[in-house]
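Student: For reference, the structure I am asking about is given below.
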Amino acid sequence: MVADAHYLDEADKLRTAAAQAAVKYGPSSQAVVFLKYEELVRLWHAHMCGGPVPGLRDRLARTADDIRAAYARQLTVRHDHPTRVVHRDPLVIEFDREVFQERYAMAAETAIKQTWHVRSPEVPAEFVTGAPHMFVIDDRGRLLIWRRRFSLRELIFGRAKSQVDGVPVAHPMLVPDRLRVRTAGEIVLIGAPQVHAVVANTKSGHFRPPPSTGAVVREVCAEMFGVPTHRVDVFTVGGFSDQDYVSSTYRLVEAT
């Protein structure tokens, strides 16, 4: 079965748009990154449809490398961030309870009702695959995905414009009881009811997971969805090594 020409055609258009955006806004601009992201999703859809397609695997790898390089250049420095490291091996990050109660607690119940706790490889019938969703892997290793999809525009201009009960959406709303995660970010599942591939990142402005937590995403997704690890593309935001993250002096005091 030959890969769906529709997806390849869309991928070509997105690649052209990314090249034009790079000239206008710079090669590391958010517009370029998200256009490349959408291209990668279309390529994985084409891969799912079958093959062989000459050069498809190489193109998947090159597109992922372009995104990975752009994500690595993004910094995450913020000197008043309300998180702390509560465990080192594995790394566990906790959001401040007082800040959560003030900003997000009133919408957490609604957010939890809209969250899919992944327990099996089968995708729920009402879940929209091929689109970005917010996710966390909590301190117990559970994969939690918010069922609401995001648009490309929302990702470019910020999820804060999206709201639940009048409150801007935020990753801590998915773990209101303990406020602890091993990592968090955005995820796209390709294929249903069986997942064929996963595209994810660790872009969370609230938890700010360090780069090594990309391995957590890859391992958990491969296990939960039964896909080989080479079909799980994970992009990590740069700016901190794990050591810098744990020892940073501007965080809340590390728990004992």
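Student: Pull out all pairs, ordered by first then second residue, where Cβ-Cβ is under 9 Å, the residues are six or more apart or on different chains, the first lies in region 92-110 and is under 16 Å from ARG208 (Cα atoms) and open to solvent by 10 Å² or more (accessible area, probe 1.4 Å), and the second is among the polar types (S, T, N, Q) and assigned to a strand (DSSP E or B).
Tutor: Listed pairs, sorted by first residue: GLU94/THR83; ASP96/THR83.
Student: For region 147-165, check the following and say yes or no: at least one residue is at pLDDT below 95, in a strand (DSSP E or B), open to solvent by less than 50 Å² (accessible area, probe 1.4 Å) and hydrophobic (A, V, I, L, M, F, W, C). Walk me through it before giving the result.
Tutor: Initially, region 147-165 is screened for residues at pLDDT below 95, giving 147-165.
Right, trim to in a strand (DSSP E or B) and you get 163-164.
Next, from what is left, pick out any that are open to solvent by less than 50 Å² (accessible area, probe 1.4 Å): 164.
If we keep only those that are hydrophobic (A, V, I, L, M, F, W, C) as well, we get 164.
There is at least one residue in region 147-165 that is at pLDDT below 95, in a strand (DSSP E or B), open to solvent by less than 50 Å² (accessible area, probe 1.4 Å) and hydrophobic (A, V, I, L, M, F, W, C).
Student: Take VAL234 and tell me if it is at pLDDT below 90 and crowded, with 20+ Cβ neighbours inside 10 Å. Break it down stepwise before answering.
Tutor: Working: at pLDDT below 90: no; crowded, with 20+ Cβ neighbours inside 10 Å: yes.
Against the criterion (at pLDDT below 90 and crowded, with 20+ Cβ neighbours inside 10 Å), VAL234 does not qualify.
Student: Let me ask something else about it. Does PHE150 qualify as being under 16 Å from the mean Cα position of the chain (by Cα), farther than 18 Å from ARG178 by Cα and among the aromatic types (Phe, Trp, Tyr)? Step through it out loud before you land on a result.
Tutor: Working: under 16 Å from the mean Cα position of the chain (by Cα): yes; farther than 18 Å from ARG178 by Cα: yes; among the aromatic types (Phe, Trp, Tyr): yes.
Spelling it out, PHE150 is indeed under 16 Å from the mean Cα position of the chain (by Cα), farther than 18 Å from ARG178 by Cα and among the aromatic types (Phe, Trp, Tyr).
Student: Checking HIS87 against (1) modelled with pLDDT of 95 or more; (2) assigned to a strand (DSSP E or B); (3) not β-branched (Val, Ile, Thr), only one condition comes out false. Which one?
Tutor: Here HIS87 meets the rest and fails (1).
Student: Within region 15-30, does at least one residue satisfy the condition of being open to solvent by less than 70 Å² (accessible area, probe 1.4 Å) and among the hydroxyl-bearing types (Ser, Thr, Tyr)? Lay out the reasoning, then the answer.
Tutor: First, the residues of region 15-30 that are open to solvent by less than 70 Å² (accessible area, probe 1.4 Å): 17-19, 21-22, 26, 28-29.
So of that shortlist, the ones also among the hydroxyl-bearing types (Ser, Thr, Tyr) come out as 28-29.
Looking for residues that are open to solvent by less than 70 Å² (accessible area, probe 1.4 Å) and among the hydroxyl-bearing types (Ser, Thr, Tyr), one finds at least one in region 15-30, hence yes.
Student: Right, next: Just to be sure before I move on: is VAL198 modelled with pLDDT of 95 or more, surrounded by 15 or more Cβ atoms within 10 Å (Cβ to Cβ) and closer than 30 Å to ARG84 by Cα in the structure I sent? Spell out how you get there, then give the answer.
Tutor: Values: modelled with pLDDT of 95 or more: yes; surrounded by 15 or more Cβ atoms within 10 Å (Cβ to Cβ): yes; closer than 30 Å to ARG84 by Cα: yes.
Spelling it out, VAL198 is indeed modelled with pLDDT of 95 or more, surrounded by 15 or more Cβ atoms within 10 Å (Cβ to Cβ) and closer than 30 Å to ARG84 by Cα.
Student: Here's something else I'd like to know. Does region 32-52 contain any residue that is open to solvent by 30 Å² or more (accessible area, probe 1.4 Å), free of Cβ contacts under 8 Å to residues at least 40 places away in the same chain and out of contact with any helix residue (DSSP H, G or I) (no Cβ under 8 Å at 6 or more places or on another chain)?
Tutor: Yes, that holds for at least one residue.
Student: Being part of a strand (DSSP E or B) and at pLDDT below 95 is the filter; apply it to region 166-184 and report the residue that is farthest from the chain's Cα centre (by Cα).
Tutor: Looking only at region 166-184, we keep the residues that are part of a strand (DSSP E or B), and these are 167-168, 180-184.
Restricting the remaining residues to those that are at pLDDT below 95 gives 167-168.
Values: VAL167: 21, PRO168: 18 Å.
Ranking the candidates gives VAL167 first.
Student: Something else about it: Run down GLY214, GLY205 and say which single residue is surrounded by fewer than 22 Cβ atoms within 10 Å (Cβ to Cβ) and out of contact with any Cys (no Cβ under 8 Å at 6 or more places or on another chain). Don't jump to the end; show me each part of the working.
Tutor: Numbers: GLY214 fails: surrounded by fewer than 22 Cβ atoms within 10 Å (Cβ to Cβ).
Checking each option against the conditions leaves just GLY205.
Conditions tested, residue by residue: (1) at pLDDT 90 or above; (2) part of a helix (DSSP H, G or I); (3) charged (D, E, K, R).
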{"position": "ASP65", "(1), (2), (3)": "yes, yes, yes"}
{"position": "VAL99", "(1), (2), (3)": "yes, yes, no"}
{"position": "MET106", "(1), (2), (3)": "yes, yes, no"}
{"position": "SER120", "(1), (2), (3)": "yes, no, no"}
{"position": "THR129", "(1), (2), (3)": "yes, no, no"}
{"position": "ILE137", "(1), (2), (3)": "yes, no, no"}
{"position": "GLY141", "(1), (2), (3)": "yes, no, no"}
{"position": "ILE145", "(1), (2), (3)": "yes, no, no"}
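Student: Out of the residues in region 1-13 meeting the condition of being of a type in the set (A, V, I, L, M), surrounded by fewer than 22 Cβ atoms within 10 Å (Cβ to Cβ) and in a helix (DSSP H, G or I), tell me which one is modelled with the highest pLDDT. It would help to see each step written out before you state the result.
Tutor: Initial filter on region 1-13 (of a type in the set (A, V, I, L, M)): 1-3, 5, 8, 11.
Filter again for surrounded by fewer than 22 Cβ atoms within 10 Å (Cβ to Cβ), leaving 1-3, 5, 8.
Subset that is in a helix (DSSP H, G or I): 5, 8.
Details: ALA5: 87, LEU8: 94.
The selected residue is LEU8.
The values are calculated or read from the model by the stated rules, or taken from the named source; none is laboratory data. Only a predicted model underlies this, so the values are computations on that prediction, with no experimental measurement involved. Neighbour counts run over all protein chains shown; Cβ positions are idealised from the backbone, glycine included. Surface areas here come from the heavy atoms of the whole protein model, side chains and all, with no ligands, DNA or RNA. Shrake-Rupley method; radii C 1.70, N 1.55, O 1.52, S 1.80 Å.
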